[in-house]
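Comments concern the structure below.
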Ligand code: CTP
């Protein structure tokens, strides 16, 4: 359930820290990438070796490591999809409530743009103390999520509230957090994007002006919403988040094969690649020499990837794109029907700011019941948000 999620686990110095070995193991077992930051006193209760073996990452406890390399807390905070602090001692709680930042864990907390989930753990009277109660309320008001301490026998021998929630409860809370906050949590998405290059000879090809921007923006938006994304990308200079399963291809045929292999069991499939419709009938094995005044290339039709996926569609919500220079709605609707799609995103190559190699796009969404939704001219990132929101409403 936590596949590819980046969980930053902060451990502070309480006896419950010994349970963090189990917590790391549970996160990793669910497919999460785990990094651990600790306060120095946490290391009195659990060894960094145990945590680094289980998390498969070096444990970070200070701003500088033994070789004086800087452990960049801002990068750690950026890396995290969620920051879980367990156990949270009364001391670190008080610092979080007031903004004190005297160690790496707290500097990371203050740098985090993502949510922080905390699991307080302390003795009965400390947990009941009005200062502690106030501090918990305060950090909740800052948007942090608190997993209340549980009742039971405490390290002091007293019995009552103050025990850290069990690792299984912290795992369940974290999974629920993702479920609630990411509308596509647990969903799988396949996207194809970019141009294709059809070889003429070892140095030449037939290509097109597609940049891959729209498809890559969609892949990132799906990722943001928690989906597990596979992106089959033709030659493109776009940067792709390394949490996306990226398959680089060159020709339409390679793209077709990669899409077929990855089609099964996907919840959503979006084809926005500008696939060549024709390719040279024969690819010359040697560079074609300049001889005659004219050169005739015989071209043959390529496979229509989207139509093929449409004919194999089972549970997938299948989305295509249509780029037209005239009769936009009519031609796009015809493609939607012919290729057995659920949705088609139509855009005009004639509209200013739309189509290939621009940063903006103006699209119209048409669904299989002929419902039409028009969007304003926006950046491709904004359009990707609109399209993903619409797709969510169809799921
Ligand atoms: N498409 C595809 N394989 C092809 C050609 C197109 O999968 N060989 C997909 C595109 O990714 C897009 C949709 O089909 O999602 C429509 O592409 P478009 O170029 O607009 O239309 P075509 O089907 O190629 O038809 P035409 O070129 O005649 O407009």
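Computed values, structure above
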{"item": "Of 291, 150, 137, the one that fluctuates the most in a GNM where the chain has Cα springs shorter than 10 Å", "result": "291"}
{"item": "Whether region 287-362 is rounded, prolate or oblate, judged on the alpha carbon gyration tensor where a/c under 1.5 counts as rounded", "result": "oblate"}
{"item": "Angle in degrees between helix 213-224 and the longest Cα principal axis of the chain, rounded to the nearest 10", "result": "30 degrees"}
{"item": "Among 37, 261, 146, residue whose mean-square fluctuation peaks in a GNM of the chain (springs only between Cα atoms under 10 Å)", "result": "261"}
{"item": "Gyration tensor (alpha-carbon) shape descriptor, the chain, a/c threshold 1.5", "result": "prolate"}
{"item": "Approximate spin-label separation residue 91-residue 155, in nm, with each point projected 7 Å along Cα-to-Cβ", "result": "1.1 nm"}
{"item": "Length-normalised contact order for the chain - Cα pairs under 8 Å, 6+ apart - percent", "result": "11 percent"}
{"item": "Rounded Å value of the spacing that divides the Cα centres of region 334-371 and region 151-213", "result": "28 Å"}
{"item": "Cα long-axis angle, helix 20-29 against the chain (0 to 90 degrees, to the nearest 10)", "result": "20 degrees"}
{"item": "Cβ crowding within 10 Å averaged over residues, with 97-107, 201-211 ranked highest first", "result": "97-107, 201-211"}
{"item": "Share antiparallel - DSSP beta bridges, the chain, percent rounded to 5", "result": "35 percent"}
{"item": "Cα-based shape type of region 6-181, given that a ≥ b ≥ c are square roots of the gyration tensor eigenvalues and the cut on a/c is 1.5", "result": "rounded"}
{"item": "GNM top mover of 347, 69, 192 - the chain, alpha-carbon springs below 10 Å", "result": "69"}
{"item": "Label-point gap, in nm, between residue 172 and residue 300 - each point 7 angstrom along Cα→Cβ", "result": "6.0 nm"}
{"item": "Helix 167-181 vs. the chain, principal-axis angle (Cα, 0 to 90°, nearest 10)", "result": "40 degrees"}
{"item": "Full-stretch length increase - residue 379, residue 56 - with 0.36 nm per residue and alpha-carbon distance subtracted", "result": "112.4 nm"}
{"item": "Extension gain (nm, one decimal) between residue 350 and residue 137, 0.36 nm per residue minus Cα-Cα", "result": "71.1 nm"}
{"item": "Inter-centroid distance (Cα atoms) of region 37-99 relative to region 219-243, Å", "result": "29 Å"}
{"item": "Sequence of 364, 288, 383 once ranked by neighbouring C-beta atoms within 10 Å, starting from the fewest", "result": "288, 364, 383"}
{"item": "Pairwise FRET efficiency - residue 389 versus residue 47, Cβ, R0 = 41 Å, nearest 0.05", "result": "0.35"}
{"item": "DSSP beta bridges in region 6-181 [antiparallel fraction, %, rounded to 5]", "result": "25 percent"}
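Every read-out reported here was derived from the displayed coordinates using simple, explicitly stated rules and does not represent laboratory data. Values in this document were obtained by computation on a predicted structure and should not be read as measured data. Neighbour counts run over all protein chains shown; Cβ positions are idealised from the backbone, glycine included.
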